[in-house]
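Let me begin by presenting the structure, written as structure tokens, before commenting on it.
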Amino acid sequence: MNVEVDIRELVLTGVEAPDPAALGTAVGVRLARLLAERGLPPTSPPTGPLPAPAGTDLPGALAEAIWAQLGRPACREAHR
């Protein structure tokens, strides 16, 4: 499987990123890795904020949150 992720715009509220472009690239790399390792999530995630595991860096936490949202029904239909 070949996975390519291109994040053109990443909007964060309440988070200051020293280099938004570098953050977007890092999130894209981690998200591509999650998709390659796990595929799409099987079900819709719970509503509300998703807690990041202790010690997770910002790009990793964002990638996990985005990956979890890919299991939502609207995202599943878009990939068919």
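The values are calculated or read from the model by the stated rules, or taken from the named source; none is laboratory data. Just so we're clear, the structure is a prediction, and the values are computed from it rather than from any experiment. In this analysis, Cβ positions are derived from the backbone assuming ideal geometry, glycine residues included, and neighbour counts consider all displayed protein chains. In case anyone asks, the SASA skips ligands and DNA or RNA and just uses the protein heavy atoms, side chains included. Shrake-Rupley method; radii C 1.70, N 1.55, O 1.52, S 1.80 Å.
Yes or no, residue by residue, for (1) of a type outside the set (D, E); (2) modelled with pLDDT of 70 or more; (3) touching an Asp or Glu at 6+ places or on another chain (Cβ under 9 Å):
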{"site": "L23", "(1), (2), (3)": "yes, yes, no"}
{"site": "A26", "(1), (2), (3)": "yes, yes, yes"}
{"site": "P51", "(1), (2), (3)": "yes, no, no"}
{"site": "A63", "(1), (2), (3)": "yes, yes, no"}
{"site": "G71", "(1), (2), (3)": "yes, yes, no"}
{"site": "A78", "(1), (2), (3)": "yes, no, no"}
Exercise for the section: Using the structure shown, decide if L40 is modelled with pLDDT of 80 or more, hydrophobic (A, V, I, L, M, F, W, C) and part of a loop (DSSP other than H, G, I, E, B). Expected result: yes
Handout entry: Selection from region 20-38 of residues that are under 15 Å from T56 (Cα atoms) and open to solvent by less than 60 Å² (accessible area, probe 1.4 Å)
Key = L23, A26, V27, L31, L34
Exercise for the section: Could you grab me the full set of residues in region 5-19 that are farther than 20 Å from A68 by Cβ and open to solvent by 90 Å² or more (accessible area, probe 1.4 Å)? Expected result: R8, E16, P18
